Amino acid sequence: MIASGDHKAALEQAKDLHKVSGTLASEALLVDAYAERIRALLRRNLTIEAQSLLDMVRQRYPASRVRLAELTPRVEAKPLSLDDLVRPLNDPDLAAEQRTAIDRRLRQEVWDLKALAHCDALALDHELRKAAAALERALVAVTSGPVTDDALALPEVSRRSPLAPWKLLARAIASFYRRDDDACRRYLEAIDSESAPTRLVPAIKAMLADDAHAPLTPAAAALGARITSASTLRRALEALDEAFASASKNRILKAIRPAVDQCQQVSPEQLDSLRQHVSVRCALAVIDSQRVVGPLGGPSRHDATFLRLFARGLEETRNPDQVVLACRLWEDFRHAAVREGWFADNGPEAAALALHMADLLNQLPNDLLRDLQWSARAGTNEGGDKLTYLFQEELYRRACVLDPHPESFSQWMEWAARQPGNGAERVATAWHKIRPRDLDPILRLMNAAEARGALPTALGYLGKAERIDSLHLQVRGARLRLLAGNALRHLQQKKPALATEDLAQLSTLPDAQQGDRPAFLAALRLVSSAARGESERVAALRADVEQLLGSGPAAALLVSAVAAAAKQRAIARLGSVEDESERRSLPSAVARVAALAADMSLKLEIPASWMVEVAKQFPECRQTLDAAHLRRLGELAVWAGMDDLAYAISTAGLERGETTAARFLLLRANATIKSWERHIVCAKAAAVLGREQQDTALVDEAAALVRGFFEFEHVSLTLEQARDVLNQEKAAREPSTKGRPGPTYAALLANTCQCVSCRQARGEADEPFDDLDVDDDEDVDDDDDSGFGIPPGMPPELVEMFAAEIEKAVRRGESPEEFMARLSTLPPRRRRRKRRR
């Protein structure tokens, strides 16, 4: 009993034995038992109890004084704290005998390595603190999971360190979990028998397979039983995981019972949780629930925890039908969690859950979601429950009512902006009403008011935005733009006096003096003076505009744009450019005015003859234009349908460096619209590069450019592929022709394109709609339903030209109204035809 550490029981047995026999041998054995009991009390820092027991033994058995002499100093010595014990080690001149004594006590008595690692009595970089910290990390690692030999090298712990036995213990534990019994025994045998870790040696030896061991203390026996049982449970759970991975239903059902039985023995408090996890996994594996009840030993509890596990499992499948069911389960979870007291029905947790469900619905295909919502509405009309978990609008509204956080409103407004109608404006109004100091809804309302021409309303919102953050990027230049728009509106309404007041306010703005904006103000004054009939002032202001821009054509184009916006058509007409030097500078002049018009939200209408001259003169002045002017000129070329000019501008832009490369790659996509493969790949590569540069406007434009190509919706490029596309387009300086083909991207679009050639190459049917269930005798409406409509009676030779223009408009994303409006803004061509007639 003494050898196995059962000192208390050994002492009671020794007392009974000495009472019966009363010999010197029985007395000696009794004193030995008392001595071990005293040592056990000392190890537990019960010094007072040890002192009392020692005094009683010496008084009752005087002959034992000699045998108990070695315990007397330890009992009578004042117990030292850890700080007091190790503090002398900071002294480099500490005597060797004293250092040895401290090391011995550290080896025998110190078991809390974490306390030693954080002991402030030692210097921070003391080798003992570093060794204790390294050992603590190693012991946590070996008792948490597999570790490598490098993690157990522990160079911080030397062989002579008083903590060296702990290093051996860590390696023994690692070997035990690796099932390397021989190595484990070697490390255990090497542990100093007088060190603190030796107390764990009997327990580990008892757990080794087929290892004979002495009787264990109750604590050691409990530790061993818990570890071995936990290992058995872990192996059973690993076998169950492997069965689920195999997807074999019979194997899964066979592996469930051993795991449940082991959990019942080792950790019965977790049995309900295990049943719930297994039930969910079996449901996802499409195993009949009735077949699972038997191996589980009963049905699982369908509470909030179960519903949460099931919902998470379904949504991770990414299957649309399963995601819909996950939304239903999340709704059930909300009700169950409220009943069980997880959270309140009107708290932020419920709001977060509503946002999560809305995000799941956003992942569903639009047609599936519309069908589900239609069915839900039909069921509601027939007296059924309203399935709010199928409607993003309801979920976002619930989230914002329960927790009016800016992030909740932001998600709602972003979703509403993607829907038809003015839902985003309604959300912004509600957001602003609840949180009047948030800037995002104010900017949304300001932009919406500007878009519909309600400029006074937009200016009111701008005032609020300026009071919140006048330095915001969207706020700084907005007042100039809105006041200019208001002045133009007053001129349209034939209210020049009010326009003059607006001009006075514009003149006081610091932003109005930057760049070419003074020329815009001068042009606005010119149009205002013309509206009042001040011809002399008009002539003087026209000269001012020309002087500010340094170009007659630029001044004429700017005045024309401002006059057209003010509906002063009398001064909006543009003639031809006759002067040779002005023709040479025409690309620069047009680009400069285009940039200014974009800055002031003006619509620029350029005669076709001007664009022809721009294309002719561009090669000579391509190096003099900066990137911003190149971009605007390229957009005009795309608008005019001049693909060769747009291509040349994109070539010049791609030479300007990486900063603007994505923007000009998008222009190259517009310029290669006749080559669908190249058009799509360039647009998608521009989107990838724009996303890397965090240019959201560019990403949106690229997405809109390819939105009509449904057969290529799932094509995605990596950043490396996008950069490769960029390099190929940089090398292709000239438009492709029959004799000079451009870059080909068939590999990037492989197994995606649905054209006849690609389908034949993949061995598919030539007709991509063969699998549709359409009767042969079904009437087919061949009329054009695109909304563009070829005018009746058009000569056949013009039909092809008109169709080509319609195709370009569709690829640019123009609406029928925008297409017809653009055609109507080419008056020079139309007037020339009339004169010829």
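A few points about this structure:
- Selection within region 637-663 - within 11 Å of R733 (Cα to Cα) and among the aliphatic types (A, V, I, L, M): A648, I649, A652, L654
- When each of Q270, Q262 is tested for being buried (at least 16 other Cβ atoms within 10 Å of the Cβ) and out of contact with any Pro (no Cβ under 8 Å at 6 or more places or on another chain), the lone residue that passes is Q262.
- The residue that is surrounded by the most Cβ atoms within 10 Å (Cβ to Cβ), among those in region 575-595 that are free of Cβ contacts under 8 Å to residues at least 40 places away in the same chain and of a type in the set (D, E, K, R), is R583.
- For the residues R691, R656, R663, the requirement of being buried (at least 24 other Cβ atoms within 10 Å of the Cβ), of a type in the set (K, R) and over 16 Å from P741 (Cα atoms) singles out R663.
- Unique match (being part of a helix (DSSP H, G or I), among the charged types (D, E, K, R), open to solvent by 70 Å² or more (accessible area, probe 1.4 Å) and out of contact with any Ser or Thr (no Cβ under 7 Å at 6 or more places or on another chain)) among R318, R301, R281, R334: R281
- Counted residues, region 596-637 - those being open to solvent by 10 Å² or more (accessible area, probe 1.4 Å), over 19 Å from A572 (Cα atoms) and under 43 Å from the mean Cα position of the chain (by Cα): 11
- Q276 polar (S, T, N, Q), open to solvent by 40 Å² or more (accessible area, probe 1.4 Å) and either touching an Asp or Glu at 6+ places or on another chain (Cβ under 9 Å) or at pLDDT below 90 (or both): no
- Inter-residue pairs, beta-carbon under 6 Å, first of a type in the set (A, V, I, L, M, F, W, C) and in region 477-497, second not in a helix (DSSP H, G or I), 6+ apart: L480/L509; A484/M600; L488/A566; L491/A566
- Filter pass, R43 being modelled with pLDDT under 85, of a type in the set (D, E, K, R), closer than 28 Å to L216 by Cβ and within 60 Å of the chain's Cα centre (by Cα): yes
- Only one of R137, R159 that is in a helix (DSSP H, G or I) and either touching a Leu at 6+ places or on another chain (Cβ under 6 Å) or charged (D, E, K, R) (or both): R137
- Region 12-29, subset touching a helix residue (DSSP H, G or I) at 6+ places or on another chain (Cβ under 6 Å) and open to solvent by 70 Å² or more (accessible area, probe 1.4 Å), residue nearest to L68 (Cα to Cα): L29
- Test result for V527, of a type in the set (V, I, T), outside any loop (DSSP other than H, G, I, E, B), without any contact (Cβ under 8 Å) to a residue 40 or more places away in the chain and closer than 18 Å to A556 by Cβ: no
- Screening D55, D32 for residues that are of a type outside the set (A, V, I, L, M), part of a helix (DSSP H, G or I) and loosely packed, with under 14 Cβ neighbours inside 10 Å leaves exactly one candidate, D55.
- Of all residues in region 434-442, none satisfies being surrounded by 15 or more Cβ atoms within 10 Å (Cβ to Cβ) and either under 19 Å from A598 (Cα atoms) or small (G, A, S) (or both).
- All conditions but one from (1) under 28 Å from L445 (Cα atoms); (2) open to solvent by less than 50 Å² (accessible area, probe 1.4 Å) apply to F343; the one that does not is (1).
- Candidates in region 496-524 are the residues that are in a helix (DSSP H, G or I) and among the acidic types (D, E); of these, the one that is most open to solvent (accessible area, probe 1.4 Å) is E501.
- Cβ-Cβ contacts under 7 Å between residues 6 or more apart (or on different chains), taken from a first residue in region 229-241 that is modelled with pLDDT of 80 or more to a second residue that is surrounded by 13 or more Cβ atoms within 10 Å (Cβ to Cβ) and among the β-branched types (V, I, T), are listed as L233/V266; L240/I256.
- Tabulated pairs, region 719-733, first touching a residue at least 12 places away in the same chain (Cβ under 8 Å), second among the basic types (K, R) and assigned to a helix (DSSP H, G or I), C-beta under 7 angstrom, 6+ apart or interchain: E729/R668
- Look at (1) more than 60 Å from the chain's Cα centre (by Cα); (2) modelled with pLDDT under 85 and you find that A95 fails only one, number (2).
Residue-wise test of (1) closer than 30 Å to E692 by Cβ; (2) assigned to a helix (DSSP H, G or I); (3) among the hydrophobic types (A, V, I, L, M, F, W, C).
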| site | (1), (2), (3) |
| --- | --- |
| A564 | no, yes, yes |
| H629 | yes, yes, no |
| L636 | yes, yes, yes |
| A648 | yes, yes, yes |
| A652 | yes, yes, yes |
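- When R370 is tested against the conditions (1) touching a helix residue (DSSP H, G or I) at 6+ places or on another chain (Cβ under 9 Å); (2) within 20 Å of W412 (Cα to Cα), the lone failure is (1).
- The single residue among S175, S195 that is at pLDDT below 90, under 22 Å from R137 (Cβ atoms) and among the polar types (S, T, N, Q) turns out to be S195.
- Test for L325: is it open to solvent by 20 Å² or more (accessible area, probe 1.4 Å), in contact with a helix residue (DSSP H, G or I) (Cβ under 7 Å, 6 or more places away or on another chain), of a type in the set (A, V, I, L, M) and without any contact (Cβ under 8 Å) to a residue 40 or more places away in the chain: yes
- Near pairs, Cβ below 7 angstrom, 6+ apart or cross-chain, from region 143-154 (over 15 Å from Y187 (Cα atoms)) to any residue that is among the β-branched types (V, I, T): T143/I173
- Just so you know, in region 654-695 the residues that are of a type in the set (G, A, S) and assigned to a loop (DSSP other than H, G, I, E, B) include one that is nearest to L749 (Cα to Cα), and it is S675.
- Cβ separations smaller than 8 Å between residues 6+ apart or across chains give the following pairs from region 556-570 residues that are closer than 19 Å to L586 by Cα to residues that are surrounded by fewer than 23 Cβ atoms within 10 Å (Cβ to Cβ) and of a type in the set (D, E): S560/E605; A561/E605.
- Any hit, region 668-686, residues being of a type in the set (F, W, Y), in contact (Cβ under 8 Å) with a residue 12 or more places away in the chain, within 29 Å of P587 (Cα to Cα) and touching a Gly at 6+ places or on another chain (Cβ under 9 Å): no
- Region 119-140 - residue that is within 38 Å of the chain's Cα centre (by Cα) and charged (D, E, K, R) and, of those, least open to solvent (accessible area, probe 1.4 Å): E136
- Candidates in region 525-539 are the residues that are charged (D, E, K, R) and out of contact with any helix residue (DSSP H, G or I) (no Cβ under 7 Å at 6 or more places or on another chain); of these, the one that is surrounded by the most Cβ atoms within 10 Å (Cβ to Cβ) is E534.
The values are calculated or read from the model by the stated rules, or taken from the named source; none is laboratory data. Note that the structure is a prediction, hence the values are computed from the model and not measured. Cβ sites come from the backbone with ideal geometry, for glycine too, and all protein chains shown count toward neighbours. Accessible surface is based on the protein model in full, side chains and every heavy atom, while ligands, DNA and RNA are left aside. Shrake-Rupley method; radii C 1.70, N 1.55, O 1.52, S 1.80 Å.
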